[in-house]
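Peer 1: Let me give you the structure first, and then I'll get to my questions.
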């Protein structure tokens, strides 16, 4: 087997097709997690070479390695337990922070190499130096012939590769940048990374360090803010915690918010609109100084946890990948650490509520928050409201068994419904820690339920396919790319693409260029509640919108990732949804759905609606009790 090995940063996509032709390469393989880069490369290379797929190998590896990976992180937690460790993305296990995806890609490459290949040379492109070093070691052990592409940028790297791959990690810290993830730290809320500017904005509007928010009737809600937080009449509404604030107030509690303004909304506009709502806000920018931020950055720079080489995962050499990831994520570590300063300074100012409620996804900032509240607000309880992570592949929600008692978790996690509570209990969380609430973020689902019927009959003629993307740009690009390849230009199918509210559709268009310019393909901003009653099939990746589709009787098709983890919110009920990997799969599955007998369709709709009731039950005032720790 002859392999040409490269890293994606050492390749010029513009020159790559010519270089591949000169080297006699007719096939290529991507080993990594950067979906956007892979799609760009696929569009650039085109028919010049066939891309080989690792999708099924990666999917199988993710499930076989899931528990060993959790246990491996648990061993590292035993070695490194402390605030810096809990703030690190390595400890968190967020799949969108890339490490587990890279480990699965390495496992998939190992299986592919072991299977052997024929048909000439193959270009293997890896997303990072440590991943390339792991592939090189596996290839050498498997007897493959390794060569470097004849390009100046790559030749220097290849000379240094091989079993001395640790040297490749030198300088990673200088080049590292924080990659896209789901958690945002305080530094991310600051335009131009200038905290002084935000403080001046708040000062001009009369905000200052505030206190006098303590006692058994005080509840502090940590939330995110963008344009969705404001009703048409200017009233405050919370897309993340729903009507919880008003429900608590009805029970006699005083409610205040810690608003973290997202980049999609200008900070000055956000402050003005929040001020007009009449609610009480503790802006974090007032409680974290420039000195605090600098201390967090220095602390993150000094953090060097123990990651022993002998702690491999199923024989895979992962220590180098872990160290590389730590260097990439130092900025995230610094941001997560700012929550200690935030909680400490709130407490000093007199903010010591009965409890704090926050959206719960298992991020590093959440662990720092829980740790800090126990230190600086010892009488305050921390309650995490499940943000709709039903998948077992949302690894940050599942502590290793060995971490119970040392990992700073919320005092209580409130799930949307009994479905996810059962999942958390199956994964080892103690029953006393998990309560069932209601679907605060999905109030529209059950409104007027008595007048609704379980039916969304298939249309005649044109089939309406809704493509619902997740917030992650890589997921979205991969999904749209496959949908357009499957249905673009088909006069019998209407493709409607709805991007997640937190994702700009222009970003997807920039990556895919003219590929999506088809007469039957269009992007829309219409709310999902209006789109779903008018479509026949919905394609999705990592999004809770699949439950909304079930409610409306729309068959959801999970589209498995090509070069990332397949994180399916319905992985606990696979019989209720369909799945596909390739454009060919999509065409086959959509046809199969449309051709279902009427009795089969009706039976499925009844089961689908029952599952929604288990996952996202209706809101009632009674569910307030689940939040009162």
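The values are calculated or read from the model by the stated rules, or taken from the named source; none is laboratory data. Remember, predicted model here, so these are calculated numbers, not experimental data. Don't worry about glycine lacking a Cβ; one is built from the backbone with ideal geometry, like all the others, and counts go over all protein chains shown.
Peer 1: Tell me which residues, restricted to the stretch 272-294, are within 23 Å of residue 369 (Cβ to Cβ) and crowded, with 16+ Cβ neighbours inside 10 Å.
Peer 2: Residues satisfying the conditions are 274, 279, 281, 282, 283, 284, 285, 286, 287, 288, 292, 293.
Peer 1: So, residue 589, is that one at pLDDT 95 or above, in contact with a helix residue (DSSP H, G or I) (Cβ under 9 Å, 6 or more places away or on another chain) and more than 28 Å from residue 94 (Cβ to Cβ) or not?
Peer 2: No: the conditions fail for residue 589.
Peer 1: Go through 42, 56, 33 for me and flag whichever is under 26 Å from the mean Cα position of the chain (by Cα), more than 22 Å from residue 512 (Cα to Cα) and in the same structural domain as residue 127 (by TED's automatic domain parsing).
Peer 2: Being under 26 Å from the mean Cα position of the chain (by Cα), more than 22 Å from residue 512 (Cα to Cα) and in the same structural domain as residue 127 (by TED's automatic domain parsing) holds for just one of 42, 56, 33, which is 56.
Peer 1: Would you mind finding the one in 461, 405, 474, 488 that is surrounded by fewer than 15 Cβ atoms within 10 Å (Cβ to Cβ) and modelled with pLDDT of 90 or more?
Peer 2: Going through 461, 405, 474, 488 in turn, just one is surrounded by fewer than 15 Cβ atoms within 10 Å (Cβ to Cβ) and modelled with pLDDT of 90 or more: 405.
Peer 1: Output the residue which, of all residues in the stretch 367-394 that are farther than 22 Å from residue 628 by Cα and surrounded by 22 or more Cβ atoms within 10 Å (Cβ to Cβ), is nearest to the chain's Cα centre (by Cα).
Peer 2: 394
Peer 1: Which helices (runs of 4 or more DSSP H) sit wholly inside the stretch 5-99 and have at least 2 residues that are under 25 Å from residue 567 (Cα atoms)?
Peer 2: Per the criteria, 35-45, 55-80, 83-87, 89-92.
Peer 1: Could you please let me know if residue 543 is outside the structural domain of residue 58 (by TED's automatic domain parsing) and part of a loop (DSSP other than H, G, I, E, B)?
Peer 2: So residue 543 fits the description; yes.
Peer 1: On the basis of being assigned by TED's automatic domain parsing to the domain that holds residue 9, surrounded by 24 or more Cβ atoms within 10 Å (Cβ to Cβ), in contact with a strand residue (DSSP E or B) (Cβ under 6 Å, 6 or more places away or on another chain) and closer than 20 Å to residue 37 by Cα, does residue 99 make the cut?
Peer 2: Against the criterion (assigned by TED's automatic domain parsing to the domain that holds residue 9, surrounded by 24 or more Cβ atoms within 10 Å (Cβ to Cβ), in contact with a strand residue (DSSP E or B) (Cβ under 6 Å, 6 or more places away or on another chain) and closer than 20 Å to residue 37 by Cα), residue 99 does not qualify.
Peer 1: A further question follows. Select from the stretch 103-138 the residues that are at positive phi and touching a strand residue (DSSP E or B) at 6+ places or on another chain (Cβ under 9 Å) and write down the one among them that is modelled with the lowest pLDDT.
Peer 2: In this case the residue turns out to be 119.
Peer 1: Same structure, new question: Which one of the conditions (1) under 22 Å from the mean Cα position of the chain (by Cα); (2) at pLDDT below 95; (3) closer than 30 Å to residue 598 by Cα does residue 419 fail to meet, given that it meets all the rest?
Peer 2: Condition not satisfied by residue 419: (2).
Peer 1: Let me ask something else. Can you pull out every residue in the stretch 198-243 that is part of a helix (DSSP H, G or I) and in contact (Cβ under 8 Å) with a residue 60 or more places away in the chain?
Peer 2: Within the stretch 198-243, 198, 199, 201, 202, 228 qualify.
Peer 1: May I pose another question? Kindly indicate whether residue 360 is surrounded by fewer than 24 Cβ atoms within 10 Å (Cβ to Cβ) and closer than 23 Å to residue 336 by Cβ.
Peer 2: In short, yes.
Peer 1: Collect the residues in the stretch 1-36 that are farther than 24 Å from residue 138 by Cα and in contact (Cβ under 8 Å) with a residue 40 or more places away in the chain, keeping them in residue-number order.
Peer 2: 12, 15, 19, 22, 36
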